[in-house]
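Since the structure comes first, as structure tokens, the remarks are kept for the end.
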Amino acid sequence: MRIWLKRASHDLHQMELDYWNDLSDDEKKEWEVEEFFTLEDEFFRIRDEYMEFKKVPSRIRHADIPYRPILASLFKSIRDFEERCRLLDLFYRNYDDCASK
């Protein structure tokens, strides 16, 4: 599988290079190089996130699903129930605030 992923990353990069080389000088000036090309690390990060996303059943629509296992793991180390509730409330207040922007 890693060979396929390397190949996919290489193919994507080659497609970007080919497209870039076909642009006129004026068209190239409209782009920031950092915005145009996908770094290999970023490609693999996005691929991994997408693979994780595909594991979530389509019937589940809750936006916080990716964070639940992380929160559960963190909260297991906090023995005080009131403190867990306070931190969970803080998380969702911040989550809602950021999601509304």
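Every number here is computed from the coordinates shown, using simple stated rules; none is lab data. Nothing here was measured: the structure is a model prediction, and the numbers come from that model. Note that each Cβ is placed from the backbone with ideal geometry, even for glycine, and that neighbours are counted across all protein chains shown.
Assorted remarks:
- Asp97 paired with Asp18, simple spin-label distance in nm, labels 7 Å along Cα-to-beta-carbon: 4.8 nm
- Where labels lie 7 Å past Cα in the beta-carbon direction, separation of Leu87 and Leu71 in nm: 1.2 nm
- Chain lengthening between His62 and Phe44 when straightened (0.36 nm per residue, less Cα-Cα): 4.0 nm
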